[in-house]
Amino acid sequence: MALAVPDVRQRLRSIFGGSVGNLIEWYDFYIYSAFSLYFAKAFFPSGNPIVEQLNTAGVFALGFLVRPLGGWALGLYADLRGRRAALTLSVTLMCLGSLVIALCPTYAQVGVAAPGVLVLARLLQGLSLGGEYGTSATYLSEVATSRHRGFYSSFQYVTLIMGQLLATLTLLLLQRLVLTHEQLEAWGWRIPFVCGAALAVFGFYMRRNMVETEAFQAEAAKHPVRNPMRELLGHPREIALVVGLTLGGTLAFYTYTVYMQKFLVNSVGLTRDQATLISVASLFFYMLLQPVFGLLSDQVGRKPVLLWFGVMGTLCTVPLLTALTRTRDAFTAFLLVMGALVIVSGYTSINAVVKAELFPANIRALGVGLPYALTVSLFGGTAEYLGTWLKLEGHETWFFWYVTACILCSLLVYLFMRDTQREHRFG
């Protein structure tokens, strides 16, 4: 039966509210990576740029290591108290983390206390992001119509990529039009963190005015779960599927987005400005691909789209990364990165909805968020650190094969899983 016009408007307003908050959260998280080339020596002075980057990448990875705790705590909160309440708390924690980094003193001012404060701020942001993914994936999938669940849920990654793109555009704007290289290294890197904290305040008010999903309200009225963790452990197959689904996809995503900007500078030999331009252009087109693949999954099913990523990612990762290291042309590098992102879109566009379709509503946020966060913390969050470390040790190609092996593991999961578009746990 067709929805009434007010229902359509309310649904779209809720999707917009959830998506904008997601954008702000990911902008706040990614500005650390985007600006690390400039503030690395402020916290980890060593005289060796690669060592400084290795240290900042390590702190980036630490933010991921606490994501399972955020996925557990905010997932529980979302399943017990509601999706809106958990999303509001998530953006508040992100705001606090950005503000701390913006005001953090440098190593020259307070010594080892400076990287200590930086680590604490990133842990706060990691907690926030750990809860954000599962809850926002649950929220967007629950407010979407059944026929277009893949399309609407794809906007989680549209806004995720948009947050990353906004972070990179902020860097480009400051690089090209506002500040000199010396000013960026001295104090200009603080500007995006101040902006991020201010945007998070806006996200807080947006989420306070969102409507709660009907799925949560119906479950809460029928039989509220007293022990969601015990209930979740009764679904071991679904937990294993989330881990397998995520393994290769999250590593590929962070390799071609977060790590790629450093890779283009340190391994390809492009300038920082060229690497930033390639990141901006590729992220923009990558963002536009997400709803296309999401809509495709509504037509042909989730499984064929996942298989596209699994097969092509297994076959093409080593050739693509090897070709990148051998080119010195910025446009060729852009085309290679873009080709990789077309492949990765088969995972990123629909991974949230596939996971949401595996679990019943009473443990959906926890079921999506916790195993996902565990997997991302081990594989996605360590991609930049591992890639940088292997580069430093002279074994960079080992990283290419590592990414390929992880994608192959996920491909095996895609081959034997059911198509969740046809067999799902939504009412």
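Kindly check whether there is at least one residue in the stretch 327-335 that is open to solvent by less than 10 Å² (accessible area, probe 1.4 Å) and more than 18 Å from the chain's Cα centre (by Cα).
yes
Answer yes if at least one residue in the stretch 194-209 is assigned by the TED database to the domain that holds residue 18 and closer than 18 Å to residue 356 by Cβ, and no otherwise. Let's see the steps before the verdict.
Start the filter on the stretch 194-209 by keeping residues that are assigned by the TED database to the domain that holds residue 18, which leaves 194-209.
The next check asks that each one be closer than 18 Å to residue 356 by Cβ; those that pass are none.
There is no residue in the stretch 194-209 that is assigned by the TED database to the domain that holds residue 18 and closer than 18 Å to residue 356 by Cβ.
Report whether or not residue 274 is surrounded by fewer than 20 Cβ atoms within 10 Å (Cβ to Cβ) and in contact with a helix residue (DSSP H, G or I) (Cβ under 6 Å, 6 or more places away or on another chain).
Details: surrounded by fewer than 20 Cβ atoms within 10 Å (Cβ to Cβ): yes; in contact with a helix residue (DSSP H, G or I) (Cβ under 6 Å, 6 or more places away or on another chain): yes.
In short, yes.
Please work out if residue 366 is touching a Leu at 6+ places or on another chain (Cβ under 6 Å) and outside the structural domain of residue 125 (by the TED database).
yes
Being on the phi < 0 side of the Ramachandran plot and not in a helix (DSSP H, G or I) is the filter here; which residues of the stretch 393-423 pass it?
395, 417, 418, 419, 420, 421, 422, 423
I need the full set of residues from the stretch 96-134 which are over 24 Å from residue 373 (Cα atoms), in a helix (DSSP H, G or I) and out of contact with any helix residue (DSSP H, G or I) (no Cβ under 7 Å at 6 or more places or on another chain), in order please.
103, 108, 109, 110, 113
Being at pLDDT below 90 and of a type in the set (D, E, K, R) is the filter here, so list the residues in the stretch 237-284 that pass it.
262, 272, 273
Mind listing whichever residues of the stretch 28-37 are out of contact with any Pro (no Cβ under 7 Å at 6 or more places or on another chain) and either outside any helix (DSSP H, G or I) or under 13 Å from residue 101 (Cβ atoms) (or both)?
Passing the criteria: 28, 29, 30, 32, 33, 34, 36.
When residues of the stretch 75-114 are filtered for being open to solvent by less than 10 Å² (accessible area, probe 1.4 Å) and not basic (Lys, Arg), how many remain?
Of the residues in that region, 14 qualify.
Kindly indicate whether any position in the stretch 238-252 is part of a helix (DSSP H, G or I) and among the polar types (S, T, N, Q).
Checked against the condition, which is being part of a helix (DSSP H, G or I) and among the polar types (S, T, N, Q), the stretch 238-252 yields at least one hit.
From 376, 354, 342, grab the single residue that is outside the structural domain of residue 72 (by the TED database), open to solvent by 10 Å² or more (accessible area, probe 1.4 Å) and of a type in the set (Val, Ile, Thr).
342
Rundown of residues vs (1) over 20 Å from the mean Cα position of the chain (by Cα); (2) among the β-branched types (Val, Ile, Thr); (3) not assigned by the TED database to the domain that holds residue 371, yes/no style:
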| residue | (1), (2), (3) |
| --- | --- |
| 242 | no, yes, no |
| 251 | no, no, no |
| 267 | yes, no, no |
| 271 | yes, yes, no |
| 278 | no, yes, no |
| 283 | no, no, no |
| 296 | yes, no, no |
| 301 | yes, no, no |
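Answer yes or no: is there a residue in the stretch 228-237 that is open to solvent by less than 20 Å² (accessible area, probe 1.4 Å), closer than 30 Å to residue 338 by Cα and assigned to a helix (DSSP H, G or I). Reasoning before the result, please.
Keep residues of the stretch 228-237 that are open to solvent by less than 20 Å² (accessible area, probe 1.4 Å), which gives 228, 232.
Filter once more, keeping what is closer than 30 Å to residue 338 by Cα: none.
Scanning the stretch 228-237, I find no residue that is open to solvent by less than 20 Å² (accessible area, probe 1.4 Å), closer than 30 Å to residue 338 by Cα and assigned to a helix (DSSP H, G or I), so the answer is no.
Do we find a residue being of a type in the set (A, V, I, L, M), touching a Ser or Thr at 6+ places or on another chain (Cβ under 9 Å), open to solvent by 10 Å² or more (accessible area, probe 1.4 Å) and within 30 Å of residue 40 (Cα to Cα) anywhere in the stretch 384-391?
Yes: the stretch 384-391 contains one or more residues that are of a type in the set (A, V, I, L, M), touching a Ser or Thr at 6+ places or on another chain (Cβ under 9 Å), open to solvent by 10 Å² or more (accessible area, probe 1.4 Å) and within 30 Å of residue 40 (Cα to Cα).
Please tell me if residue 306 is surrounded by 22 or more Cβ atoms within 10 Å (Cβ to Cβ), in contact (Cβ under 8 Å) with a residue 12 or more places away in the chain and out of contact with any Phe, Trp or Tyr (no Cβ under 9 Å at 6 or more places or on another chain).
No: the conditions fail for residue 306.
Taking the conditions exactly as written (assigned to a helix (DSSP H, G or I), touching a residue at least 60 places away in the same chain (Cβ under 8 Å) and not acidic (Asp, Glu)), does residue 89 satisfy them or not? Working first, answer last.
Numbers: assigned to a helix (DSSP H, G or I): yes; touching a residue at least 60 places away in the same chain (Cβ under 8 Å): no; not acidic (Asp, Glu): yes.
The answer is no for residue 89.
The values are calculated or read from the model by the stated rules, or taken from the named source; none is laboratory data. Quick caveat, the model's predicted, so the values are computed rather than measured. As a convention, Cβ positions derive from the backbone with ideal geometry for all residues, glycine included, and neighbour counts pool all protein chains shown. Keep in mind that these areas ignore ligands, DNA and RNA; they rest on the heavy atoms of the full protein, side chains included. Shrake-Rupley method; radii C 1.70, N 1.55, O 1.52, S 1.80 Å.
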